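Quick notes on the structure that follows.
The values are calculated or read from the model by the stated rules, or taken from the named source; none is laboratory data. As the structure is a computational prediction, the values presented were derived from the model and not from experiment. Positions of Cβ are backbone-derived with ideal geometry, glycine not excepted, and every protein chain shown enters the neighbour counts.
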Amino acid sequence: MAGLRDVKALAAGSGYTCGCRIGWLAARAIVFFLNRRRSVPAMAGRRPAAFIMSAFNEERVLTVHHWTDRLFSFTTTRDQSLRFSNGHFTMIGLKQPNGKPLLRAYSIASANYEEHLEFLSIKVPDGPLTSQLQHIQPGDKIIVGRKPTGTLLIDYLLPGKRLYLLGTGTGLAPWMSIIRDPETYEKFQEVILVHGVRQVNELAYYEYITVDLPRHEFLGEMVSKQLRYYPTVTREPFKNRGRITTLIETGKLEADLGLPKLNPAEDRVMICGSPEMLRDLKRMMEERQFVEGNTSTPGDFVIERAFAES
């Protein structure tokens, strides 16, 4: 039976960011399928590709938006049977000429009540999946896992006054679903969305967050009163400058927002980004006496453990 050691071997050397490619998760999925195939004799005569595909729905691409030459988003149809919580991720991919799927895990950017699915992705010229995925067009087919999962859910946080959503790059994706969830605003008095990028044009959904969402027919009033958006850029002039870790370390983030320093008595934090960013912010949270939550025990902050593997 394939196990954890096999997962680590398969994932060795993989590069990924929260919301985009997750080599460790892809490896874990492969091992899962291998174990299933070995443990079910009745499946012995069935084609492996067909067996793997039974865990996915085939969806049709509806729209594609290229934010930059390194960043794009797309929407797809949504099978009526698919259920997920806001903040979850799922495996998606493309069928290959040999009939087998090429898979990576992506955070779902759309809210769980919407009839379509939305994903945010980077473009990696030599990336096994993204080198193909970046060329998709409306009408193309894509496969989507039937069992979304993850720990970036507000249910895994203790009650609090403020919710901080800290994300870099495509780590914005899970926050896009969470800020469109009415329950988020019912549980927290303030929601602070902090998105860090290198260049201004990488601030995906900027206009949607600042203009369209506050005018939303049902969410607009809650968003206008409770959502605080803090985009920050590291390599170009912008109203907010600096890495999220530095902004928190120096206290500039809270000062700019007119808020007290992060404290576990009132604040809850969700984190999504590169493995290095996750590691640094986890350390900073624990130094401030924040306790990490998980699927069994709610805490003061959560990260996606799969994204933190290296």
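Just so you know, in the range 268-300 the residues that are touching a Ser or Thr at 6+ places or on another chain (Cβ under 8 Å), in a loop (DSSP other than H, G, I, E, B) and not β-branched (V, I, T) include one that is surrounded by the most Cβ atoms within 10 Å (Cβ to Cβ), and it is G273.
Within the range 156-171, can you find the residues that are in contact with a Leu (Cβ under 9 Å, 6 or more places away or on another chain), in a strand (DSSP E or B) and closer than 16 Å to G87 by Cα? Answer for the range 156-171, where residues must be in contact with a Leu (Cβ under 9 Å, 6 or more places away or on another chain), in a strand (DSSP E or B) and closer than 16 Å to G87 by Cα: L157, L163, Y164, L165, L166, G167.
Restricting to the range 158-193, and then to whatever is closer than 16 Å to P260 by Cα and β-branched (V, I, T), can you tell me which residue is surrounded by the most Cβ atoms within 10 Å (Cβ to Cβ)? Here the answer is V191. When the criteria are applied in full, L203 fails the requirement of being in the same structural domain as F72 (by TED's automatic domain parsing), in contact (Cβ under 8 Å) with a residue 24 or more places away in the chain and closer than 19 Å to D69 by Cα. Just wondering, is there one or more residues in the range 250-265 that are touching a residue at least 24 places away in the same chain (Cβ under 8 Å), hydroxyl-bearing (S, T, Y) and assigned by TED's automatic domain parsing to the domain that holds K161? So far as the range 250-265 goes, no, none of its residues is touching a residue at least 24 places away in the same chain (Cβ under 8 Å), hydroxyl-bearing (S, T, Y) and assigned by TED's automatic domain parsing to the domain that holds K161. Restricting attention to the range 115-155, the residues that are assigned to a loop (DSSP other than H, G, I, E, B) and either buried (at least 18 other Cβ atoms within 10 Å of the Cβ) or not polar (S, T, N, Q) (or both) add up to 21. For the range 74-95, filtered to residues that are under 12 Å from the mean Cα position of the chain (by Cα) and assigned to a strand (DSSP E or B), the residue that is farthest from Y185 (Cα to Cα) is M91.
Here is a yes/no grid of residues against (1) closer than 24 Å to R243 by Cβ; (2) at pLDDT 95 or above; (3) not acidic (D, E):
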position: V144; (1), (2), (3): no, yes, yes
position: G167; (1), (2), (3): yes, yes, yes
position: L172; (1), (2), (3): yes, yes, yes
position: W175; (1), (2), (3): yes, yes, yes
position: R180; (1), (2), (3): no, yes, yes
position: E186; (1), (2), (3): no, yes, no
position: L193; (1), (2), (3): yes, yes, yes
position: V200; (1), (2), (3): yes, yes, yes
position: A204; (1), (2), (3): yes, yes, yes
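The sole residue among N98, N112 that is outside the structural domain of T232 (by TED's automatic domain parsing), within 25 Å of V191 (Cα to Cα) and outside any strand (DSSP E or B) is N112. Taking the criterion of being assigned to a loop (DSSP other than H, G, I, E, B) and in contact with a strand residue (DSSP E or B) (Cβ under 9 Å, 6 or more places away or on another chain), the residues of the range 172-218 that qualify are I179, F188, Q189, R198, Q199, L203, A204, Y205.
Output yes when any residue across the range 228-242 is touching a helix residue (DSSP H, G or I) at 6+ places or on another chain (Cβ under 9 Å), in a helix (DSSP H, G or I) and at pLDDT 95 or above, and no when none is. No, the range 228-242 contains no residue that is touching a helix residue (DSSP H, G or I) at 6+ places or on another chain (Cβ under 9 Å), in a helix (DSSP H, G or I) and at pLDDT 95 or above.
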